[in-house]
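To start, the structure under review is shown below, and the notes come after it.
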Ligand code: SF4
């Protein structure tokens, strides 16, 4: 599998062993001082995510365009050079080192890079300026945020400005109520008060500046935040929304991590611990999480409980709100209607159960489209699946600890897919987002309901297997069609996969999880770029909006 995966980032020539700066044999070194070409949102999104995912897969910070064997022109745009200093390009091979709070990120939808990242950035800035000495704060007159590159080019459609304003107003991404974000969007001219130490400042959407779309940026999603005294900058910092809700800033140093107690890179190694050494999956993952993050067991359970509550709250909200979703598609929400009709449906037990689970997936997917608070699982586009699974497990009165264990199992599947393939629609199509989300959901159900490690793995494999090849072709570039309905399907398929895996003889399953993850990686490599979040193929070009 190693061989297959090594060729994904730099098709045809990658060695997968070079330094973060790249090498001459597997790709050109990043070009300093080169101004990125103008990109549309789609090109930007594709380029950034492809570059990031490629770096994650190969350790290379830059890549060549795919060069077809027949010598025809490369299909994809060359991604903009990313600074080799960014931690996001300095990933290396070795045991999985992802921690839960890096994976399950809480913040506003619909885009982890264009909405969640900017809100996390301005909230970080709000906390920093709170520590500026009082005499400096007394002189402050304004807070300003400048959006550059893709954030400026496409931020309006993704609510980058209101998310940035919310963070600047001291609203934490994890706890910001949806009504607050809606209020910011509905009252674009309103001025808000923000108190920082002894000073109260007026802030509005006008303080979020859509600045240059082209320039010599260290990352295409660059923004600066400033505390001003007139024209004088009292404190400022340059930030980067590096994808998936992750953020960095100038001088960023990734947090020190410990070594996992039970290192693994593939499901096969994980299974040895579980089956040969008889270590329960939750115990193993908890020990790794504590070792990597340095957190206590109590902190870890509290974090999972917080994630659970955000998810369930999102589903509950989505089940009660009916609206036309933002954007040009004018898509009417469905979750509330589905839920209402359940009371009188004549669909029978099967129809009722499927409608119930699907409505939960719709509810959270629609909340994401509204720009409300979601949890990446594994991404914003696929954020409806795990909440639907959690909500349906709660319907069964599944004990809290069992649901926590399910979260750990789901994370393990996500980590394996991230480490050995990709979680990015721009790199691997929708199989990498909804497919992985469904696979995580299947593992979560199996673990929470007390299945054996083999059944957990088989359920995850089954769900992923039946998403292989699924393309990413969002209509009009909005995370709505097909994304929301796919969350509903992803949740239902998670249950289907668990039901199949729990009824078969586990040892007789002919396809294992590592094989299917490798197949996803290979499919991602061979998938036409039109189906990788470019909105240049499939539904995106077939659906005519009027
Ligand atoms: S279609 Fe694309 S944007 Fe939508 S959920 Fe799938 S991968 Fe994400």
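Nothing in this text is a laboratory measurement; each read-out follows from the coordinates by a stated rule. Keep in mind it's a predicted model, so treat the numbers as computed, not measured. All Cβ positions, glycine included, derive from the backbone under ideal geometry; neighbour counts span all protein chains shown.
General observations
- Annotation: the residues 470, 311, 527, sorted from fewest to most other C-beta atoms within 10 Å of their own C-beta, follow the order 527, 470, 311.
- Compactness check for the range 214-255: Cα Rg over 2.2 N^0.38 Å is 1.32.
- Both radii are taken from the alpha-carbon atoms of the range 465-504; with Rh as the Kirkwood radius, Rg/Rh is 1.11.
- Between residue 511 and residue 306, the simple spin-label model (points 7 angstrom out along Cα→Cβ) gives 3.8 nm.
- Over the range 439-546, relative contact order from alpha-carbon pairs under 8 Å, at least 6 apart, %: 39
- Taking a ≥ b ≥ c as the square roots of the eigenvalues of the alpha carbon gyration tensor, the range 97-149 is oblate, as a/c is not under 1.5 and a/b does not beat b/c.
- Each Cα pair under 8 Å and six or more residues apart adds its sequence gap; the mean of these over the residue count of the range 315-395 is a relative contact order of 30 percent.
- Distance from the alpha carbon centroid of the range 456-490 to that of the range 211-225 works out to 32 angstrom.
- Debye equation applied to the C-alpha atoms of the range 405-450, log10 I(q)/I(0) at 0.13, 0.28 Å⁻¹: -0.26, -0.89
- Cα gyration tensor category, rounded, prolate or oblate, for the range 187-226 with a/c compared to 1.5: oblate
- Sorted by Cβ neighbour density within 10 Å, fewest at the top, the residues 495, 249: 249, 495
- For the range 316-442, fraction of C-alpha pairs farther apart than 19 Å, in %: 53
- Isotropic mean projected area of the C-alpha convex hull, the range 484-546 (nm²): 6.1
- Three semi-axes of the equivalent ellipsoid, the range 201-337, Cα gyration tensor, whole Å, largest first: 39, 28, 16
- For the pair the range 302-374 and the range 116-187, the centres of their Cα atoms are 28 angstrom apart.
- For the range 176-252, the Kirkwood hydrodynamic radius comes to 14.9 Å, computed from all pairs of different C-alpha atoms.
- Ranking of 483, 472 by neighbouring Cβ atoms within 10 Å, starting from the fewest: 483, 472.
- Stokes-Einstein D in µm²/s, Kirkwood radius over Cα pairs - the range 134-269 at 20 °C with 1.002 mPa s viscosity: 127
- Using a Förster distance of 30 Å, the FRET efficiency for residue 323-residue 353 (Cβ separation, nearest 0.05): 0.70
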